[in-house]
1. Multiplying the sequence separation of Glu27 and Glu160 by 0.36 nm and subtracting their Cα-Cα distance, what value in nm do you get?
2. If you stretched the chain out fully between Gln10 and Arg110, how much longer would it get, using 0.36 nm times the residue separation minus the C-alpha to C-alpha distance?
3. Take a quick pass over the chain and tell me how many lysine pairs come in under 14 angstrom between Cα atoms, counting only ones 8 or more apart or on separate chains.
4. Explain nothing, just compute: Karplus ³J(HN,Hα) = 6.51 cos²θ - 1.76 cosθ + 1.60, θ = phi - 60°, for every residue of the range 11-24 in order, whole Hz, x for Gly and Pro.
5. Restricting to Cα atoms and excluding each atom paired with itself, what does the Kirkwood estimate give for the range 98-238 in Å?
6. Mind checking the full-extension length gain between Asp197 and Arg90? Use 0.36 nm per residue of separation minus the Cα-Cα distance, one decimal, nm.
7. Which of Val152, Val11 has the fewest other C-beta atoms within 10 Å, and how do the rest follow up to the most?
8. For Tyr101, Tyr66, what ranking results if the residue with the fewest other Cβ atoms within 10 Å of its Cβ goes first?
Amino acid sequence: MRSISENIMQVRRKVDEAAARCGRNGEDVTIIAVTKTRTPEAILEAVKAGLLDLGENKVQEIQDKYEVVSDAATQMKTFVNWHMIGHLQRNKVKYLIGKVYLIHSVDSFRLCAEIDKHAKANGLIQDILVQVNAAEEDSKFGLTVDETPKLVEEILIGLENVRIRGLMTIGPLTEEPEETRQFFRMVRSMYDGMNRDFSHERLDMQILSMGMTNDYEVAIEEGSNMIRVGTGLFGPRV
Ligand SMILES: *Cc1c(COP(=O)(O)O)cnc(C)c1O
């Protein structure tokens, strides 16, 4: 099995190649190391190799690892950005605010209002992405393509301490990455449309979070600038 740093080099090379295929620069694609189920030791290996964006899908895991990993990063004279990429329950929001750089999984006004409330109490503006379930799979959280602009509008009108930075989607589970392309394209097109149609001080759409180990190359070809990679960096989850 390859080491984590060898895996990182390979992912970076594939990112560069995918970006080059569509006239972009691989450096414009943020690689989030998805660290769910990984030990602090494994995570710090990725941090040492320069991956400073870490993604978790459970609040508990962020709470468990936040301090030890962030402190070790500080000792290395660097810092990490934590990303909440998984489904978020409203009663857990309070544990995240002040810790996470970006919440990728906003899929309802009620959840966003809770984020807003705790951001306000902490005197900060929380950056968020709206999660789109483009394939409309029952098993996935997120809004349909039709529901998304309406939620964005409600957030902009009703909430003051969140800033919408873009959209996130999870490609449908399939062995064949090409099958995900149409959904990435759909979300990209919505992202472009929202950039065109909305103008607001708390809408700063710069981030398209699409692509995981199986499909990040297709996602980048379709415009993704933030990919979430776990297995491809750390090996199979145990
Ligand atoms: C686990 C997870 C990933 C990473 O999945 P891999 O297939 O291991 O790359 C990406 N996004 C979300 C939301 C996840 O939960």
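1. Details: separation 133, 0.36 × 133 = 47.88 nm, distance 3.19 nm.
Here the segment from Glu27 to Glu160 would lengthen by 44.7 nm.
2. Values: separation 100, 0.36 × 100 = 36.00 nm, distance 4.03 nm.
Computed gain between Gln10 and Arg110 is 32.0 nm.
3. 10
4. 5, 4, 5, 5, 4, 4, 5, 5, 5, 4, 4, 10, x, 10
5. Details: mean 1/r = 0.0646 Å⁻¹.
Kirkwood radius, the range 98-238: 15.5 Å.
6. Values: separation 107, 0.36 × 107 = 38.52 nm, distance 2.95 nm.
Roughly 35.6 nm would be gained on extension.
7. Values: Val152 23, Val11 20.
Ordered from fewest to most neighbouring Cβ atoms within 10 Å, Val152, Val11 come out as Val11, Val152.
8. On the way: Tyr101 14, Tyr66 18.
Ranking Tyr101, Tyr66 by Cβ neighbours within 10 Å, fewest first, gives Tyr101, Tyr66.
No lab work stands behind these numbers, since they all come straight from the coordinates. Bear in mind the structure is a predicted one, so any value in this text is a computation, not a measurement. Note: ideal-geometry Cβ built from the backbone for every residue, glycine included; neighbour counts use all protein chains shown.
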